[in-house]
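Everything on this sheet refers to the single structure shown next.
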Amino acid sequence: MNQPSSLPLFLSLLLAAAGCGSTEPVETETPAPAQEALRGSRYCEILLGVADLGARSVTIDVYNTQGLNECPEAAWVAVDEAKVKAETMADVVVLNGPRHWMIDSFEGSKLLDPEVRELGGIEMRKTGTLALALSEAAGKAKPYATRTVRRDTTWGYDAGKPVYELVDPEGAVYDMQSYSVQEVQQDEASLAKLGETLTLPTGWTFRTRVLDEKIEVKAVDGLAVVVQDDFGNTYQRSQQ
């Protein structure tokens, strides 16, 4: 499965924002249901987009493997996008993943639809729906460009565990919530040296540290600020 290196804006948004309804953007990177050993667990998403040319909008349903399976590699690489498109009557099908969680716990997440559906031979459930204007969906996303999404989740990072952080020129800290292996091969062991390979904008830094105590990264007043690096890893602004 091949993906372009410059992802459409709607995909970039959906990596951090999807919905609990048809138009309100909420976090799509929401692990549900809860499970033990969340950190490092692998998941994939399939995004189904349907265009309404009259309304000049695109509605995107997000299906996620979390809580059902860890997106087996053989099954994932065998997903036929054209076949999924034909079976679902979608106008566009986007494969997002594999990705791995870097959080240890969470609060405030829920499934949009608990019914299990098989897409491309993999069991998934709908975690969100997002409506975007066609002009938004046609745009290109840029790494290190922050965006605000609606959600009420709280990520937990346990004491004694490493965290991987971006720091912007103003000193705001962003904690990695998930890493991607879609464009480059990574694992948790390699993340400590990620700063040596990222193309960081002027004033941005990458750091890693081991936590002395548990921290929580919260959406503030129902809003979270997220950013992706040039490898597609996703971070959320922390209250640190």
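Answer yes or no: is there a residue in the range 185-192 that is in a strand (DSSP E or B) and either in the same structural domain as Ser57 (by TED's automatic domain parsing) or modelled with pLDDT of 90 or more (or both).
The answer is no, given that none of the residues of the range 185-192 is in a strand (DSSP E or B) and either in the same structural domain as Ser57 (by TED's automatic domain parsing) or modelled with pLDDT of 90 or more (or both).
If a residue has to be at positive phi and in contact (Cβ under 8 Å) with a residue 12 or more places away in the chain to count, how many in the range 183-240 make the cut? Steps first, please.
Here is the first cut: in the range 183-240, the ones at positive phi are 203, 221-222, 232.
Checking the rest, the ones that are also in contact (Cβ under 8 Å) with a residue 12 or more places away in the chain come to 203, 222, 232.
Total meeting the criteria: 3.
How many residues does the range 197-219 hold that are within 23 Å of the chain's Cα centre (by Cα) and over 15 Å from Tyr157 (Cα atoms)?
Step one: of the range 197-219, the residues within 23 Å of the chain's Cα centre (by Cα) are 197-201, 204-209, 214-219.
Those still in the list that are over 15 Å from Tyr157 (Cα atoms) too: 197-201, 204-207.
Counting residues in the range 197-219 that are within 23 Å of the chain's Cα centre (by Cα) and over 15 Å from Tyr157 (Cα atoms) gives 9.
When the range 48-96 is examined, which residues are found to be assigned to a loop (DSSP other than H, G, I, E, B) and either in the same structural domain as Glu188 (by TED's automatic domain parsing) or of a type in the set (Gly, Ala, Ser) (or both)?
To start, the set of residues in the range 48-96 that are assigned to a loop (DSSP other than H, G, I, E, B) comprises 53-56, 65-72, 78-80, 89-91.
Those that are assigned to a loop (DSSP other than H, G, I, E, B) and either in the same structural domain as Glu188 (by TED's automatic domain parsing) or of a type in the set (Gly, Ala, Ser) (or both): Gly54, Ala55, Gly67, Ala78, Ala90.
Which of (1) closer than 24 Å to Thr154 by Cβ; (2) surrounded by fewer than 17 Cβ atoms within 10 Å (Cβ to Cβ); (3) under 20 Å from the mean Cα position of the chain (by Cα) is the odd one out, the single condition Val184 does not satisfy?
(1)
Please give the number of the condition Thr148 fails out of (1) surrounded by fewer than 17 Cβ atoms within 10 Å (Cβ to Cβ); (2) in a loop (DSSP other than H, G, I, E, B); (3) not hydrophobic (A, V, I, L, M, F, W, C).
(2)
Being among the basic types (Lys, Arg), assigned to a strand (DSSP E or B), closer than 29 Å to Leu211 by Cα and touching a strand residue (DSSP E or B) at 6+ places or on another chain (Cβ under 8 Å) is true for just one of Arg117, Arg39, Arg99, Arg125. Which residue is that? Working first, answer last.
Values: Arg117 fails: closer than 29 Å to Leu211 by Cα; Arg39 fails: assigned to a strand (DSSP E or B); Arg125 fails: closer than 29 Å to Leu211 by Cα.
After ruling out the rest, the residue left standing is Arg99.
From the list Gly232, Gly195, pick out the single residue that is touching a helix residue (DSSP H, G or I) at 6+ places or on another chain (Cβ under 8 Å) and not in a strand (DSSP E or B). Give the steps one after another, and end with the answer.
Details: Gly195 fails: touching a helix residue (DSSP H, G or I) at 6+ places or on another chain (Cβ under 8 Å).
Answer to the selection: Gly232.
The values are calculated or read from the model by the stated rules, or taken from the named source; none is laboratory data. Quick caveat, the model's predicted, so the values are computed rather than measured. Positions of Cβ are backbone-derived with ideal geometry, glycine not excepted, and every protein chain shown enters the neighbour counts.
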